[in-house]
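Participant: Can you keep this structure in mind? I'll have questions shortly.
The values are calculated or read from the model by the stated rules, or taken from the named source; none is laboratory data. The shown structure was predicted, so the numbers you read here are calculated from the model rather than taken from an experiment. Here Cβ is always computed from backbone atoms with ideal geometry, including for glycine, and neighbour counts include all displayed protein chains.
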Amino acid sequence: MNFSNIMDSNCYSAGHPVDPAVGSMISARERLLGRSYRLFYDSPVHLVRGQGTRLFDVDGACYLDAYNNVASVGHCHPHVVEAVGRQLATLNTHTRYLHQGIVSYSERLLATLPDQVNKVIYACTGSEVNDLALRVAASHTRATGVVVTADAYHGNTAAVTAVSPSIGGPASTRPHVRAVPAPADPSQFTADIAAAISELRDSGFGVSALIVDTIFSSDGIFPDPTVLAPAVELIRRAGGVFIADEVQPGFARTGASMWGFTRHGVIPDIVTMGKPMGNGWPVAAMAARADIVEEFACEEPYFNTFGGSPASMAAAAAVLDVIEDEKLMSNAAQVGARLRDELTLVTHPRIREVRGAGLYIGVEVITDAGGPDRSGAKDLVNAMRQRKVLISVCGTHGNVLKIRPPLVFSHADVDWLCSEFADALDSSL
Ligand SMILES: Cc1ncc(COP(=O)(O)O)c(C=O)c1O
């Protein structure tokens with residue numbers, strides 16, 4: 001089986017000793033499910049309930065969730081639950097009927113985006129909207145070449161797997177795609193983008209798009225806000241468009257603004273979003289400049305049965321309510337800054353750097369010799385899981401701890417995480 005960096009860096013391996021109840025559920029999954037699935041941690045967690053930043057397992061044990069960005073406004077937030085329940089009990093159809101929900105939500109959503117990005121189309125997943133964005137870009141540019149980062153993940157359709165090198169395997173290395181290393185070094189990033197552009201031109205694909213997760217999460221979390229603008233300028237000069245994949249940093253996570261691209265001072269041609277948009281209800285969107293999306297829209301209609309349904313709009317509107325009412329952007333900025341500071345204070349020779357923006361934080365783990373330490377990072381993640389604090393890993397070498405809690409993370413949660421982190425470091429590295 002091909003190694004998949006994004007899926008296999010923190011996954012359960014068959015045969016790892018687990019308690020009998022967990023073992024029998026794993027066996028049932030193996031009997032029933034396709035082998036594509038992975039479970040987190042050496043000892044998988046069987047969850048039955050969530051509330052805010054807390055998750056509870058089948059035995060009633062409480063975990064601190066420092067990983068899940070989908071339940072972004074907190075697990076089972078009552079305002080979102082009530083809004084979806086009320087809409088489901090009233091009407092749930094699709095976008096071929098008039099409904100006020102999609103109009104009201106679109107006005108609110110577009111008001112959070114730059115003026116130029118003024119049209120929106122809905123789907124259910126980040127994969128679908130990235131797939132759509134690639135189609136829109138190709139129809140606008142009449143080119144197919146795409147530039148991505150070396151450990152990008154943009155989703156799971158055929159077209160999007162092709163621009164997701166971190167999945168691994170033949171479907172994620174396609175000839176019309178050029179992958180450049182993540183922007184650890186800003187000047188090198190620009191040079192790499194320029195080289196990718198000239199290769200795409202020489203190979204006849206032309207330049208359709210640069211698609212980037214604006215916090216570079218699967219690449220290892222690179223928050224430097226100076227790297228994107230020069231890359232976007234190069235892509236535009238080559239006739240391509242810039243697609244900002246906001247599935248990870250969007251909806252206030254980076255603390256500075258609603259969208260990750262704002263930190264970089266760039267205005268995308270196309271913006272895609274999903275995951276936290278409905279706090280667990282599947283809803284996603286592609287927003288774009290009118291002139292770009294109109295071209296595609298005149299060529300072919302787009303319909304997505306569940307995308308933009310009254311229930312999905314109710315969920316998405318309720319999420320915006322909570323972000324505003326509970327001031328979650330400023331919570332992400334303040335609590336995120338403190339979490340970064342506290343993690344930085346827990347010094348250890350095997351921790352090279354703590355970096356991030358808002359509540360998106362990476363902790364880079366190295367070996368005694370100073371190289372990337374994949375197995376050390378995995379051991380730390382599992383030690384934290386044993387201490388009931390849930391985090392994971394990311395990055396090309398799987399050696400960056402990924403800390404990305406719900407936006408309602410509190411100062412008390414920071415204390416809890418940091419004290420377990422200090423213990424886990426001492427015991428596992
Ligand atoms: C940056 C990014 N884009 C797109 C996707 C795909 O989203 P979905 O799983 O909703 O299809 C993901 C999922 O992890 C993601 O991290």
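Participant: Could you tell me how many of the residues in region 304-356 are touching a residue at least 60 places away in the same chain (Cβ under 8 Å), hydroxyl-bearing (Ser, Thr, Tyr) and under 30 Å from GLY376 (Cβ atoms)?
Facilitator: Going through region 304-356 one residue at a time, the tally reaches 0.
Participant: Another one. Test PRO183 against the criterion of being assigned to a loop (DSSP other than H, G, I, E, B), more than 14 Å from ILE211 (Cβ to Cβ) and under 18 Å from the mean Cα position of the chain (by Cα), and give yes or no.
Facilitator: yes
Participant: How many of the residues in region 134-162 are over 19 Å from PHE251 (Cα atoms) and in contact (Cβ under 8 Å) with a residue 40 or more places away in the chain?
Facilitator: 19
Participant: Further question on the same structure: For region 301-311, which positions are within 14 Å of the ligand (Cβ to nearest atom) and either β-branched (Val, Ile, Thr) or touching a strand residue (DSSP E or B) at 6+ places or on another chain (Cβ under 6 Å) (or both)?
Facilitator: Answer for region 301-311, where residues must be within 14 Å of the ligand (Cβ to nearest atom) and either β-branched (Val, Ile, Thr) or touching a strand residue (DSSP E or B) at 6+ places or on another chain (Cβ under 6 Å) (or both): ASN304, GLY307.
Participant: If only one of VAL58, VAL73 is touching a helix residue (DSSP H, G or I) at 6+ places or on another chain (Cβ under 6 Å), at pLDDT 95 or above and of a type outside the set (Asp, Glu), which one is it?
Facilitator: Criteria check complete, one pass: VAL73.
Participant: Here is a list: THR226, THR272. Which entry is of a type in the set (Ser, Thr, Tyr), more than 16 Å from the ligand (Cβ to nearest atom) and at pLDDT 95 or above?
Facilitator: THR226
Participant: Mind listing just one residue for me: the one in region 1-36 that is among the charged types (D, E, K, R) and in a loop (DSSP other than H, G, I, E, B) and, of those, nearest to the ligand (Cβ to nearest atom)?
Facilitator: Residue satisfying both the conditions and the ranking: ARG35.
Participant: Something else: Only strands (runs of 3 or more DSSP E) wholly contained in region 47-130 count here; list those with 3 or more residues that are of a type in the set (Val, Ile, Thr) and more than 27 Å from HIS411 (Cβ to Cβ).
Facilitator: 117-123
Quick grid of which residues meet (1) aliphatic (A, V, I, L, M); (2) at pLDDT 95 or above; (3) out of contact with any Ser or Thr (no Cβ under 8 Å at 6 or more places or on another chain):
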{"site": "ASN304", "(1), (2), (3)": "no, yes, no"}
{"site": "SER309", "(1), (2), (3)": "no, yes, no"}
{"site": "ASP321", "(1), (2), (3)": "no, yes, yes"}
{"site": "MET329", "(1), (2), (3)": "yes, yes, no"}
{"site": "ILE351", "(1), (2), (3)": "yes, yes, yes"}
{"site": "VAL354", "(1), (2), (3)": "yes, yes, no"}
{"site": "ASP368", "(1), (2), (3)": "no, yes, yes"}
{"site": "ASP379", "(1), (2), (3)": "no, yes, no"}
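Participant: Please state which one of THR157, THR149 is touching a strand residue (DSSP E or B) at 6+ places or on another chain (Cβ under 7 Å), within 13 Å of the ligand (Cβ to nearest atom) and of a type in the set (S, T, N, Q).
Facilitator: THR149
Participant: Just wondering, is there one or more residues in region 189-201 that are under 19 Å from the mean Cα position of the chain (by Cα), modelled with pLDDT of 95 or more, within 26 Å of ARG404 (Cβ to Cβ) and away from the ligand (no atom under 12 Å from the Cβ)?
Facilitator: no
Participant: Looking only at region 319-349, count every residue that is surrounded by 18 or more Cβ atoms within 10 Å (Cβ to Cβ) and among the basic types (Lys, Arg) and tell me the total.
Facilitator: 1
Participant: Sticking with this one: Working only within region 37-46, note down all residues that are assigned to a loop (DSSP other than H, G, I, E, B) and touching a strand residue (DSSP E or B) at 6+ places or on another chain (Cβ under 7 Å).
Facilitator: Those that are assigned to a loop (DSSP other than H, G, I, E, B) and touching a strand residue (DSSP E or B) at 6+ places or on another chain (Cβ under 7 Å): ARG38, LEU39, VAL45, HIS46.
Participant: Also, quick follow-up: In this structure, does TYR122 turn out to be within 16 Å of the ligand (Cβ to nearest atom), crowded, with 17+ Cβ neighbours inside 10 Å, more than 16 Å from the chain's Cα centre (by Cα) and not aliphatic (A, V, I, L, M)?
Facilitator: Here the answer is yes, as TYR122 does meet what is asked.
Participant: If you don't mind, there's one more thing I want to ask. Considering only residues that are of a type outside the set (A, V, I, L, M) and free of Cβ contacts under 8 Å to residues at least 40 places away in the same chain, look in region 106-119 and name the one that is surrounded by the most Cβ atoms within 10 Å (Cβ to Cβ).
Facilitator: Once the filter is applied, the top-ranked residue is SER106.
Participant: Here is a list: SER217, SER208. Which entry is surrounded by 24 or more Cβ atoms within 10 Å (Cβ to Cβ), touching a Cys at 6+ places or on another chain (Cβ under 8 Å) and at pLDDT 95 or above?
Facilitator: On inspection, the qualifying residue turns out to be SER217.
Participant: Quickly run through region 203-223 and pick out the residues that are out of contact with any Lys or Arg (no Cβ under 8 Å at 6 or more places or on another chain), under 20 Å from LEU134 (Cα atoms) and more than 10 Å from the ligand (Cβ to nearest atom).
Facilitator: Within region 203-223, SER203, GLY204, PHE205, SER208, ALA209, LEU210 qualify.
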